[in-house]
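Read the structure below first, then the notes.
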Amino acid sequence: QMQLVESGGGLVQAGGSLRLSCAASGSTFPSYVMGWFRQAPGKEREFVAAINRSGSSRTYADSVKGRFTISRDNAKNTVYLQMNSLKPEDTAVYYCAAAGAGVITKKVDYWGQGTQVTVSS
């Protein structure tokens with residue numbers, strides 16, 4: 001059983017930056033592919049970014065590529081999402097996710113509770 005707790009959400013002006021953190025419980029954190037998803041009101045939950053177990057490979061949605069950076073610190077059981085050049089369309093609840101096997105965009109084993117990110121224009 002893994003528990004994921006997001007933090008760092010809030011209100012920011014367009015063009016600003018925000019860093020989200022996701023703290024995971026347990027010692028098996030390095031065994032999981034980690035990712036971030038987001039869901040805006042009235043829209044489907046969408047994939048944002050993922051990082052492999054060692055942190056050597058990253059994948060991003062086209063909408064955030066070049067602006068967002070996912071990273072992880074396995075010694076601290078934490079995954080981060082650095083968000084730069086934020087746009088109003090980035091406004092959503094952001095969810096941390098963990099996948100022990102397979103493709104994280106297809107199967108997520110654990111979800112965080114979500115943290116609200118609001119970007120004003």
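The values are calculated or read from the model by the stated rules, or taken from the named source; none is laboratory data. Here the structure is a predicted model, which is why all the values come from computation and not from measurement. FYI the Cβ positions are ideal-geometry reconstructions off the backbone, even for glycines, and counts take in every protein chain you see. All accessible areas refer to the heavy atoms of the entire protein, side chains included, with ligands and DNA or RNA removed. Shrake-Rupley method; radii C 1.70, N 1.55, O 1.52, S 1.80 Å.
From Cα pairs below 8 angstrom and at least 6 apart in sequence, can you work out the relative contact order of the chain, rounded to a whole percent?
Here the relative contact order equals 36 percent.
Specify which residue in the list Ala14, Ser57, Gly35 is farthest towards the positive end of the charge dipole of the chain, using unit charges on the beta carbon of Lys, Arg (+1) and Asp, Glu (-1), about the Cα centre.
After comparing all options, I get Ser57.
Could you look at the stretch 30-100 and say what percent of its accessible area is carbon and sulfur, using a 1.4 Å probe and all protein chains?
The C+S portion of the solvent-accessible surface of the stretch 30-100 is 46 percent.
Which of the aspartates and glutamates could a cross-linker span from Lys106 if the Cα-Cα distance has to be under 14 Å and same-chain partners fewer than 8 positions apart are dropped?
Candidates past the 8-residue exclusion: Glu46.
Where only protein heavy atoms count, and the probe is 1.4 Å, what is the accessible area per residue for the chain in Å²?
With the other protein chains kept in place, the chain gives 51 Å² per residue.
For Thr105, what accessible area in Å² do you get when you roll a 1.4 Å probe over the heavy atoms of the protein chains, rounding to the nearest 10?
70 Å²
With just the Cα atoms defining each centre, how far is the stretch 6-58 from the stretch 96-121? Give it in Å.
6 Å
Under 15 Å from a point placed 7 Å out from the Cα of Asp62 along the Cα-to-Cβ direction: which residues of the stretch 17-52 have their backbone N that close?
47-48
Charges only on Cβ, +1 for Lys and Arg, -1 for Asp and Glu: so what's the dipole of the stretch 18-77 about the Cα centre, in debye to the nearest 20?
Here the stretch 18-77 has a charge dipole of around 120 debye.
For labels at Thr28 and Thr69 in the simple 7 Å Cα→Cβ model, what's the distance in nm?
3.1 nm
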